[in-house]
Structures are given as structure tokens and as C-alpha cells.
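Q: Pasting a structure below so you can have a look.
The values are calculated or read from the model by the stated rules, or taken from the named source; none is laboratory data. Since the model is a prediction, treat every value here as computed from it, not as a measurement. Note that we place each Cβ from the backbone using ideal geometry, even for glycine, and neighbour counts take in every protein chain shown. The protein model used for the area step is the full one, side chains on, heavy atoms only, and it has no ligands, DNA or RNA in it. Shrake-Rupley method; radii C 1.70, N 1.55, O 1.52, S 1.80 Å.
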Amino acid sequence: MKILKHFRKTTDSSSSVRMKTRSGAKDSLISIGWSLEHRVESGKSRIDFVPLKGPIMANAKTLRKRIALVAAAALGVGLLVATPAFATAGTAPTLTGGTSITVLTGGATSTSVVMGMTATDSTTAITVTSVLTAPTGNAAAVTFGASTATTNSAFSASTGTETATAAGAASATFPVLLTPSLPGTYTIALTATTGALTATQTITINAVQAVYTLGDSSATPTTTVGSGIAGPANTVTVTAKSLIAGGGRALVTVSGAGSTIQSASNTTPTAVAGASNALVNANATSAVVVSTPTVGTVTVNVYNETGAGTGIYDATADATVTITVNAAAVTGTFNLAKSTAILNTGVTTGAITDATVVADKVAGVEVANIAVVLKDANSGAATGALTVVITGPGTAGVGAVTAPSVGKNFTATSAGSSQFVSIWSDGSAGVSTITVSVGSTVLTTKTVTFTGPIATLAATNGSSIYMVGANPAAVTVLAKDAGGNVLSGVTVYASSATATVATIPASAVTSSTGIATFALTGVASGTSVLTFGNAATAPTVSTTSSVTVGLSTASTITLTLDKATYAPGAKAVLTLTAKDANGKPMADGTYALLTSAGLVASTAITGLPAPSASVTLSGGTASWTLYAPLTAGPFSINGTTAVAGGAVNTAAASLPLTASASVVGVPTTVDPGTAANAAAIAAVQASVATLSTTIASLVASITAQISALSALVKKILATGSARGVKLPATGRK
């Protein structure tokens, strides 16, 4: 930075010394200029230090654009997550099911999912949306099918919306449908939304040109791998498609383990038995029958023609099916890869995935069972005696689903293709490991947790202020044993200290996650202490939760900002407070407290909620994060309360609301989400601080010099006067 010094002489009765400083860099973010003036008039000295222009933003236009972009982005996000005013939000959304599947391209696929929530009333809604990631050029779209099962709800396939029919747990099972038009990987990202809560699930579909569809005279799941039995007349079937735009064909080849093509539909020329390849007609599906004469691996490849009638095919396979051919002797012999073992809860059956079993340690109860299905290498039925070893609490039996307990380490006396291993409690708590083997081969290892009595209870309020009337799913209580295990199926007892304020059911049973859910009925405005325990009277384990009940009608509504002044673009918090006739905060909930115009700012402000009469209160307040205007001066946020009736009484109806503040100074932060801008501003602030120190030092130095000069002039004048020297009236010595 250059420091320019200017001295000038005048012919009047005053003397002046002026110094100016300016930024010398063209591209600096801030230009600063000051004027330092010292005057001596009529024997009086005065020093002025005045900014010429003050700090100015050299590239303010660019910075304003950046701030505008951030503001627009923030507003956009706010709009995306807005909750429809007509739907009540539920709690604890869930989305389960779906899977990773392989399908033949062009074939319809369907996989079921289950969407659930805890509804607060009959207007509670949860909506599922999908985002499809698909190969370029895909013409398929994701749709939802009609619900196959519902609990306490109705499901709309066209909108993907499940609406509760009453308060409480609600769920809907429905198919997710897709017909892939091109080979490749399709990912369906599902999101279930209720209010601000979401649950997600992903389904992956692998669409291929060839699949293994028939083996050893039995249909098989759609897959790119399969098995066969060796034999001179034995075969498997592979389905292949030609999918090239413009009418290209597909070349199918088979190799390995002496295999050949026995027949193939939709081929030109017609496939000949014993051939190693076949040409599938354009846009056709072919059932290719492949011989499996010997043990080994058979590979079926599909190559696409590069164009209609070119006779040139891709150098690498576009689809592959691998078939493992086993010896005929394996029929009926246990095969680990083909056999299954599924853990069920209690005496239930039919699960397709392992259940999580947490059960009371009380002795003599069957808490789980393992459904065992033994198969051979060709997916045929196999037999074998089961050996069971239990490490930890519990005992087991083998046979029917309710087989009596035998012990902890034994081999069953009977063998079969379908058997059950029953798991029984023995009065001990802890984690049990159950290992099931067939001969020397371990088939599966499962775990079951046996729990002790309730050791801890933890209550959680669902709202900060409950309304007078019904409050479903108001308080949840988590029950655990001494080992920290959640307790399912145990009873938690409850009572309210002040029944004139709030009442609560006498008890609730914990879910599989160890949570007991209690509704609450608000009777009158006030506070009550709820007690939860392991017994109705004289509990040995208990916890408390204080609940507040408020009215649902506002008598006073105010609007405030958290500060009186802000820097340009600075963060601000706007708060609406609603109180009832008792001066207490209103109950939690969404209320029509404003006119439909909502809240309006006197100038551009980022973060202001979209125009709406509805306000969602928690603890009697609703808050929004805003960003102050970029220009200096006063600003305000204004609205009008709703007309009397509903959530607003006469005292608070149709009144203006205003929150005012002012913007002062220059921006100290610009686009706080961008590290580069923040660093640039910080550097500028440091430069200004350094400059201020330099100027202060210069001012002190000049002041000292002028003081010395003034003293010298006075001395000269005094000396001249003492010697009788008369100075000219307009001159200087």
C-alpha cells in the first residue's frame, strides 16, 4: 500500500499539512481512503482524521450475486420439504421388503414392500416416492400396485399414499412394479415420508438377456446360474433374447462339459441338435435347450449383432449363464448351498428371513424355532439327522415345530428333509448360540437372547406441550434388563399424579424393540408427573416424566426477532409465540394462526416461510432461520392473525403482527457455506486491522512533529518580540 504525503503552503493566516492513503492494488476486495489534516489557525492547532470514502466493496456486485444464489437455493430446499397442511404427520415411518433380483429384460418384475407408521389420527398420511436409476435409453417407469394387505390404513397406488383410518400402528403391503426395456442394472430408491420424518429402502434389479429357467424337469428361480444332472439324455433350459435396436440378431453359444444345443426356438436357420451355437431372430425370445452329458461347468454366452444383417457380433459376451453339472449320485444327498435354516419367533413358521428373538428367561417356554429344509445339489429333497449344540442359556429339541426339549448337545434319532429345531428357555439370562449340523457339516448358527426382569425404564415425551383431549402415542417407555437387553412382551405400568390435568392408561406391553407406547388424555391446562414402573403398586423399578397440557386456542400471538440490529446478510431467528387464555404456551400442533398471506417481509429476506395460514408450534413457539437484507436500513416482517374461531379467540383475532430490526455496517460474511469466500473476507478484515494500526502510528508521529514545530514557532516569535523585531503582518519567518 502506498502512502502519499502532500504538504502545501498558503498565504492566509493558517498552515496545513495533509496526508492521504489509498489502496494501490487494482483487484483488492476493499479500497480504503483517509484524509489526515492538521491546521494552525489563529494560534490554535487542530488534527482531523476522516475517511475519504469509507470502506467500500470493490466487487460488491459479485458478492451480492453469490448471496442471492445461496438464498435461492435455501428457499428451494425449504419448498421441497414442505408438509401439506391437510395431512397430519405420523411418527416412526418404516419401509421394509424389496430385494435384489435378476430378471429377463422385457419381463415384468414385481417385488413387495411394507410401509408403516404410527398414526396420530385418521388424517395421518405417509407417502412413498421412487427415484429410478436406469441404463441410458430405458423407457420403463416405476409404478406401485394395489395393496395386497393393509392394517389400520388405506393405500392409493396412483399417489403412493397410505392414510390411516384411526390412531395407532398402520401399515400397507404393496408391489413395486417395473418392466426393464434394456439390459443393465436398475436401482429403485424408495423414500417414505410423513411430516419431516423419512424411511428409505433400495431395490436393485439386474436385467439380463439370458437366464436359467428350467433344470432337471423343474422350474427354477430367474437367475444367471443354475445346476444340472449329468446324463446322456439330461438337459437344462436357458431363455435368451435379442434386444438390439434396428433388428439385430443374437448369437448363442454353449461350451464346457461336453454340452451342445439340443433345440432352440425362434432361430434362423433352425437350431440343429448337437450344434454348439444358434442364431436367435431379431427382437425374439428363444428357449435354448442345452445337454448336460457329463459332470462339469457349462457356459452359455449371448453375443449381440452389431447391426441388422451385418453378420458381425460383439467380441465379448453381452450375457452369460453358468450351469454346474453334478453327478447323478448326488440326488437325495444333503447339499449345504441348497439347504436352508430360518429362525422363527416362538412357534410361528413361514418366515423368509431370520427373526430377531429376545425372550424372557422364565423356564419352560418355547421362545423360538429353526425351520430346516434339506436339499441335494439339484434342489431336490435330501435327508439327514440333525446335530444340535447350544452354548449359553436354553435347551433344544428336534422334530415338529413344538418338539419337546432334549438337551444342549445331541443328535436327533430321526432324519427328514423338513425338520424343526425348537428352542426352550431354562431360567438363565444371556445370549444363546445354537449350532445345527448335518453329519460333520455345519448347516447354520443362530443366536437367541434370554432376558431377565425389568432393570431400567426410560420415558420419552412425544410433545413438549400436550393438548386438551386425546394425544395418541404421547409417551414411550423403553424397558431393558440388567444386561442392557431390550425387553419385548413385558408389561409397563403407569399412573398420573394429577389426574385433573392428564390421565394415562394403567399399563402397556412392550413391542419387539422393548418400547411401551402410552396415549395421554389432556384434561386441563397444567402440569402432571407421570410414573412408570414394573408393577401397578410398589414398583421396584420406576421412572417419571413431567408432562404439560395446554389449550388449543390462542389469546395472544407475538412475532419477534432475536436482535435489534444485524450486519448485512447475517443470520436472524424469527419467532412466533402463541399463548392461551391462562398466559401459558399453546399445545403442540399445527394451527391456522395467520391469514392465508402468511408472513411478508418489507424487503428481500432469505428463509421466510412460504405464504400459509398454518403454523406448527412446539412449546408454544415456531421459529424460522432467516438472513437479513444486504442493504443498510430498517426492515420488518409482518403478518395478520386469523379471524376469530378455530385456533384464535376474539382477543387475538385479526391483529397485525410486526417484528422489526435494522441492518447496519457492511457484510462481514458472504456465502458462509463457501470456504474460499470466508477466507477472503477474513483476509480483508485482517488487512483493515493492520491498516488501522499503521494509520494510528502515523497520526501519533505527525502529531508529535507538529507539536514540536508549533513549539519552535512560538519560541522564534517569543525571541523576536524580546529583541524588538517586528514581523510583517502577512509574512513568515
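Q: Within segment 388-399, does at least one residue satisfy the condition of being open to solvent by 30 Å² or more (accessible area, probe 1.4 Å) and without any contact (Cβ under 8 Å) to a residue 12 or more places away in the chain?
A: Checked against the condition, which is being open to solvent by 30 Å² or more (accessible area, probe 1.4 Å) and without any contact (Cβ under 8 Å) to a residue 12 or more places away in the chain, segment 388-399 yields no hits at all.
Q: Restricting attention to segment 512-538, and to residues there that are open to solvent by 50 Å² or more (accessible area, probe 1.4 Å) and not β-branched (Val, Ile, Thr), which single residue is nearest to Ser463 (Cα to Cα)?
A: Among those that are open to solvent by 50 Å² or more (accessible area, probe 1.4 Å) and not β-branched (Val, Ile, Thr), it is Ser512.
Q: Select, from Ala245, Ala275, the only residue that is modelled with pLDDT under 95 and open to solvent by 50 Å² or more (accessible area, probe 1.4 Å).
A: Of Ala245, Ala275, the one residue that is modelled with pLDDT under 95 and open to solvent by 50 Å² or more (accessible area, probe 1.4 Å) is Ala245.
Q: With the requirement that a residue be free of Cβ contacts under 8 Å to residues at least 24 places away in the same chain and either open to solvent by less than 50 Å² (accessible area, probe 1.4 Å) or farther than 21 Å from Asn234 by Cβ (or both), what does segment 317-344 give you?
A: Across segment 317-344, the qualifying residue is only Ala317.
Q: Turning to a different aspect of this structure: Could you list all residues from segment 454-503 that are open to solvent by less than 30 Å² (accessible area, probe 1.4 Å), closer than 26 Å to Lys579 by Cβ and of a type in the set (A, V, I, L, M, F, W, C)?
A: Those that are open to solvent by less than 30 Å² (accessible area, probe 1.4 Å), closer than 26 Å to Lys579 by Cβ and of a type in the set (A, V, I, L, M, F, W, C): Ile465, Ala474, Val475, Val501, Ala502.
Q: Which one is most open to solvent (accessible area, probe 1.4 Å), of the residues in segment 625-649 that are more than 15 Å from Gly569 (Cα to Cα) and of a type outside the set (Val, Ile, Thr)?
A: Gly646
Q: Right, here's the next one. Check whether at least one residue in segment 347-354 is crowded, with 17+ Cβ neighbours inside 10 Å and modelled with pLDDT of 90 or more, and report yes or no.
A: Within segment 347-354, none of the residues are crowded, with 17+ Cβ neighbours inside 10 Å and modelled with pLDDT of 90 or more.
Q: If you take the residues in segment 163-202 that are over 20 Å from Gly589 (Cβ atoms) and part of a loop (DSSP other than H, G, I, E, B), which one is least open to solvent (accessible area, probe 1.4 Å)?
A: Across segment 163-202, the extreme among qualifying residues is Pro180.
Q: Next question. Looking only at segment 326-382, count how many residues are over 30 Å from Gly483 (Cα atoms) and either among the hydroxyl-bearing types (Ser, Thr, Tyr) or outside any strand (DSSP E or B) (or both).
A: Selection size over segment 326-382: 22.
Q: Which one is nearest to Pro183 (Cα to Cα) among residues in segment 300-316 that are within 45 Å of the chain's Cα centre (by Cα) and open to solvent by 40 Å² or more (accessible area, probe 1.4 Å)?
A: The residue in question is Tyr303.
Q: Restricting to segment 599-615, give me the number of residues that are surrounded by fewer than 17 Cβ atoms within 10 Å (Cβ to Cβ) and not in a loop (DSSP other than H, G, I, E, B).
A: Residues in segment 599-615 being surrounded by fewer than 17 Cβ atoms within 10 Å (Cβ to Cβ) and not in a loop (DSSP other than H, G, I, E, B): 1 in total.
Q: Now a separate question. So Ile205 fits all but one of (1) assigned to a loop (DSSP other than H, G, I, E, B); (2) open to solvent by less than 50 Å² (accessible area, probe 1.4 Å); what number is the exception?
A: Failing condition for Ile205: (1).
Q: Name the residues in segment 480-507 that are modelled with pLDDT of 95 or more, in contact with a strand residue (DSSP E or B) (Cβ under 7 Å, 6 or more places away or on another chain) and among the aliphatic types (A, V, I, L, M), would you?
A: Val492, Ala494, Ala497, Val501, Ala502, Ile504, Ala506
Q: Quick one: is Ala652 surrounded by 19 or more Cβ atoms within 10 Å (Cβ to Cβ), at pLDDT below 95, under 30 Å from Thr124 (Cα atoms) and touching a strand residue (DSSP E or B) at 6+ places or on another chain (Cβ under 6 Å)?
A: So Ala652 fits the description; yes.
Q: Scan segment 422-429 and give yes if some residue there is of a type outside the set (Lys, Arg), open to solvent by 50 Å² or more (accessible area, probe 1.4 Å) and farther than 30 Å from Thr340 by Cα, otherwise no.
A: no
Q: Now for a separate question. If a residue has to be within 21 Å of Thr517 (Cα to Cα) and loosely packed, with under 15 Cβ neighbours inside 10 Å to count, how many in segment 123-150 make the cut?
A: Counting residues in segment 123-150 that are within 21 Å of Thr517 (Cα to Cα) and loosely packed, with under 15 Cβ neighbours inside 10 Å gives 1.
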